[in-house]
Amino acid sequence: MVERLVVIGGDAAGMSAASQARKRRKPDALEIIAFERGHFTSYSACGIPYWIGGVVDGPDALVARDPQTFREKHAIDVRIRHEVVEIDLDRREVVARALDDGNKETRTGFDQLVYATGAVPVAPRWPGSDARGVFGVQTLDDGAAVREYVDTERPERAVVVGAGYIGVEMAEALVRHGLEVTVLDRAGQPMSTLDPDMGALVHEAMEGLGIDVRTGGSITALYTVLADGDDTADPIVDTARAIVDGHIILSRALAEQGVFPAIDVGRSLSRVMSDIIGPEHTEAARTFRRLWSVYEENRDLILMGAYKDGSDPVIDAAVAHHPLILEFLRQGQKELVNLNVSVTQLVDNFGA
Ligand SMILES: Cc1cc2nc3c(=O)[nH]c(=O)nc-3n(C[C@H](O)[C@H](O)[C@H](O)COP(=O)(O)OP(=O)(O)OC[C@H]3O[C@@H](n4cnc5c(N)ncnc54)[C@H](O)[C@@H]3O)c2cc1C
C-alpha cells in the first residue's frame, strides 16, 4: 500500500506543504489528501480587504491554485467543505465532517500528518458578537460573507473593532464602499505595534480618509434588544434596560407626528454620556431634554389652548423652543448626519 500524507487546512501553509511533498514523491509513492473546511484553497487572505474595497476582483483572483488544479495537475485529493474534528493518534486516523453533506463523518488513515489550520483570531466573546451584521475576517469565506453583506444589505455605517493592520485595511475598504466608518481600539493609537510618531501619522492619514478613529477605550458588549409593542415593563426588556449603558425608546405618537427617527428623548437614556462627552455638550443636552420633557408634560394643555402664555417661564421656554427641537430631531431616512455638526447645532441652540 502506498504511504499516505494527510493535510489539515488548505491555505498557504497546508497547500505549500502538500505541493512540496508532491514535488519530492510521485503519486505512486505518496498519496496526498488535504481537508479544508472552507470553499477555497491557496488563497490570499492578505487580499481580502482589497477585494472588499473593490481594488481587486475576487474571490477567484485571490486564489493562487483551486482544488481542481490541485487534483488534476498535482494529484492532491483536496476535499473542501470538510472539517477535521478529531485526530485519533492511536489509530492514526483523522475524523472529517462533510459540511455540505449533513455533517457526515468519515475516518481517513494517515502515515504522515500536516496540521496547518492557521492561527486562532482573538475573537472576544461579547454578548451579541454573533449577531447579524457582525463579522470576523480571517479566511476567504469570511471575506465573501462581508462582501455579500455590503453588496446586498447596503449598510451605511460600519464599526471596525481593532486598529491593527487588518482593521485599518478593512476600514479603508469600507470607506471605498461609501460607508461612514468608525475604528475603535483600546490602545492609545492605531497600529500600536508602531512607534508613537509613526502611529500618529497613521491616525492622521485615517482621519484624512474621513474615518472616525477612537482610541483608548474598550468594547465590552454589543446588545440589541428589540421590544415590540408598548409594554416597556416586560421583564426581559426591563432586565436588559437595567444592565446596559443606555437605551432608546421609540414612540408611536412621535412617528404619527412625522418625527423620524421617532426617538422619545425624554424616556431614552445614556448612563455613560457624561463620561464620554464634554461639559458644554452635556449642559446643552440637559437643557434640550428638560425643554422637551416640560413640553410633553403640558402637551395637552398647550395644544388645547388652555395654557396661557406668560403663566410659567419654563413652559414658555419649552413652547418657544419646540419647533427648533422638532427640527433638530428630524432626519431624512437616507440622510447622514455628521456628529460634530449635530453637537455644534445642539450647543448653539440649547447651550448656556
Ligand atoms: C485580512 C488579512 C490580511 C492579511 N494581510 C497580510 C499581509 O499583508 N502580509 C502578510 O504577510 N500576511 C498577511 N496576512 C496573514 C496571512 O494571510 C497569514 O499569515 C497566512 O494566511 C497564514 O497561512 P496559514 O496557511 O498558516 O493559515 P490560514 O490562512 O489561516 O489557513 C488555515 C486554513 O485551515 C482551515 N481550517 C482550520 N481548521 C480546520 C479544520 N479543523 N479542518 C479543515 N480545515 C481547517 C481554514 O479554513 C483555513 O483555510 C493577512 C491575514 C488576513 C486575515
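Each value in this text was obtained by applying a stated rule to the coordinates, not by laboratory testing. Quick caveat: nothing in here was measured; it's all calculated off a predicted structure. Positions of Cβ are generated from backbone atoms using ideal geometry, with glycine treated the same way; all protein chains shown enter the neighbour counts.
I'd like to check something: does region 174-182 contain any residue that is under 17 Å from the mean Cα position of the chain (by Cα), in a helix (DSSP H, G or I) and buried (at least 18 other Cβ atoms within 10 Å of the Cβ)?
Yes, the conditions are met somewhere in region 174-182.
Consider D300 against the criteria (1) more than 31 Å from the chain's Cα centre (by Cα); (2) touching a residue at least 40 places away in the same chain (Cβ under 8 Å): it satisfies all of them except one. Which criterion is unmet?
Single failed check for D300: (2).
Please go through region 84-143 and pick out each residue that is of a type outside the set (D, E, K, R), surrounded by 13 or more Cβ atoms within 10 Å (Cβ to Cβ) and on the phi > 0 side of the Ramachandran plot.
The answer is G118, and nothing else.
Is at least one residue of region 301-312 outside any helix (DSSP H, G or I) and closer than 27 Å to D245 by Cα?
Checked against the condition, which is being outside any helix (DSSP H, G or I) and closer than 27 Å to D245 by Cα, region 301-312 yields no hits at all.
Does region 22-50 hold any residues that are surrounded by 20 or more Cβ atoms within 10 Å (Cβ to Cβ), of a type in the set (D, E, K, R) and part of a loop (DSSP other than H, G, I, E, B), and which are they?
R37
Being without any contact (Cβ under 8 Å) to a residue 40 or more places away in the chain and of a type in the set (D, E) is the filter; apply it to region 83-105 and report the residue that is farthest from the ligand (Cβ to nearest atom).
Within region 83-105, the match that is farthest from the ligand (Cβ to nearest atom) is D90.
Pairs only if they're at least six apart or on different chains, beta carbon under 6 angstrom, first in region 68-82 and of a type in the set (F, W, Y), second within 14 Å of the ligand (Cβ to nearest atom); list them, first residue then second.
F70/V78
Assess whether T108 counts as being within 13 Å of the ligand (Cβ to nearest atom), more than 18 Å from D141 (Cβ to Cβ) and among the polar types (S, T, N, Q).
yes
Scan region 1-21 residue by residue and report those that are surrounded by fewer than 19 Cβ atoms within 10 Å (Cβ to Cβ) and away from the ligand (no atom under 12 Å from the Cβ).
M1, V2, E3, R4, S19, Q20, A21, listed by residue number.
For residues that are closer than 22 Å to L184 by Cβ and touching a residue at least 24 places away in the same chain (Cβ under 8 Å), scanning just region 115-131, find the one that is farthest from the ligand (Cβ to nearest atom).
Selected residue: P127.
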